[in-house]
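Written below as structure tokens is the structure these notes are about.
The values are calculated or read from the model by the stated rules, or taken from the named source; none is laboratory data. Bear in mind the structure is a predicted one, so any value in this text is a computation, not a measurement. Cβ: placed from backbone, ideal geometry, glycine included. Neighbour counts: every protein chain shown.
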């Protein structure tokens, strides 16, 4: 059975869902299956919590920021995943002078980029990169270039051909700009890509850009989308029709 995610009236090459039994085309809402196969043109991966486990470093350094701006941790903690520092401060302390915002932005870049001793790949990340053509995927992260590259290296992962960071867009996640740029870099419309995200802000960004998304349950519980524990629960392959994703 083929399920066309974009145009349910007829099958297309990408994106669609192929199930293990049956035949025909049905609307997505009518499907209840234990295993799903998506065929898409390209993949867009978030970095932290999706490809690399940097949670300990993230929490250590955001604790320092919370102490520095004299804000209770419980008020800061909900915003530490998936949103650039400047945008978090604009939300938490809208009255903060621009020079103070820039100070804390640079503080976090330096602190997190040098605190990578316990950063490691998320289960399944290495296996995924081993089988995916480099032209068919990108990383789309809320961190800047220095932070992203330091964590990728610390986790022992190869540098991607396409890396979209907070330095590349005027507004980061949950704005759609990062995923729109990711789709542009891989050369396919957003609807023919598939995103993997662990944070609500990233999921909102992908959805706003028109990119279908699968959640990674590393840092949050209910993400409101189809979710896997980590990438070890996803099988990737590539063929002439695109990238095949089974979960």
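For the stretch 55-99, which positions are assigned to a helix (DSSP H, G or I), surrounded by fewer than 18 Cβ atoms within 10 Å (Cβ to Cβ) and touching a residue at least 24 places away in the same chain (Cβ under 8 Å)? 55, 56, 60, 64, 68 - these are the residues of the stretch 55-99 that are assigned to a helix (DSSP H, G or I), surrounded by fewer than 18 Cβ atoms within 10 Å (Cβ to Cβ) and touching a residue at least 24 places away in the same chain (Cβ under 8 Å). For the residues 157, 132, 194, the requirement of being in contact (Cβ under 8 Å) with a residue 24 or more places away in the chain, under 11 Å from the mean Cα position of the chain (by Cα) and within 21 Å of residue 234 (Cα to Cα) singles out 194. Against the condition touching a residue at least 60 places away in the same chain (Cβ under 8 Å), farther than 14 Å from residue 38 by Cα, surrounded by 17 or more Cβ atoms within 10 Å (Cβ to Cβ) and more than 13 Å from the chain's Cα centre (by Cα), how does residue 245 come out, does it pass? For residue 245, the condition - touching a residue at least 60 places away in the same chain (Cβ under 8 Å), farther than 14 Å from residue 38 by Cα, surrounded by 17 or more Cβ atoms within 10 Å (Cβ to Cβ) and more than 13 Å from the chain's Cα centre (by Cα) - is not met.
Number of residues in the stretch 197-227 that are in contact with a helix residue (DSSP H, G or I) (Cβ under 8 Å, 6 or more places away or on another chain), crowded, with 24+ Cβ neighbours inside 10 Å and assigned to a loop (DSSP other than H, G, I, E, B) equals 1. Hey, residue 177 hits all of (1) out of contact with any helix residue (DSSP H, G or I) (no Cβ under 9 Å at 6 or more places or on another chain); (2) modelled with pLDDT of 95 or more; (3) over 18 Å from residue 35 (Cα atoms) but one; which does it fall short on? (1) is the only condition that residue 177 fails.
Consider residue 126 carefully, then state whether it is touching a helix residue (DSSP H, G or I) at 6+ places or on another chain (Cβ under 6 Å) and in contact (Cβ under 8 Å) with a residue 24 or more places away in the chain. Walk me through it before giving the result.
Working: touching a helix residue (DSSP H, G or I) at 6+ places or on another chain (Cβ under 6 Å): no; in contact (Cβ under 8 Å) with a residue 24 or more places away in the chain: yes.
Considered against the rule, which asks whether it is touching a helix residue (DSSP H, G or I) at 6+ places or on another chain (Cβ under 6 Å) and in contact (Cβ under 8 Å) with a residue 24 or more places away in the chain, residue 126 comes out as no.
Residues in the stretch 177-196: is at least one assigned to a loop (DSSP other than H, G, I, E, B) and under 18 Å from residue 47 (Cβ atoms)? No, every residue in the stretch 177-196 fails to be assigned to a loop (DSSP other than H, G, I, E, B) and under 18 Å from residue 47 (Cβ atoms). Are any of the residues in the stretch 49-56 modelled with pLDDT of 95 or more and over 30 Å from residue 134 (Cα atoms)? No: zero hits.
Residues of the stretch 143-157 being in a helix (DSSP H, G or I) and surrounded by 24 or more Cβ atoms within 10 Å (Cβ to Cβ), which ones?
Going residue by residue through the stretch 143-157, those that are in a helix (DSSP H, G or I) are 145-154.
Answer for the stretch 143-157, where residues must be in a helix (DSSP H, G or I) and surrounded by 24 or more Cβ atoms within 10 Å (Cβ to Cβ): 147, 148, 151.
Only one entry in 121, 78 is closer than 30 Å to residue 40 by Cα and out of contact with any helix residue (DSSP H, G or I) (no Cβ under 7 Å at 6 or more places or on another chain), namely 121.
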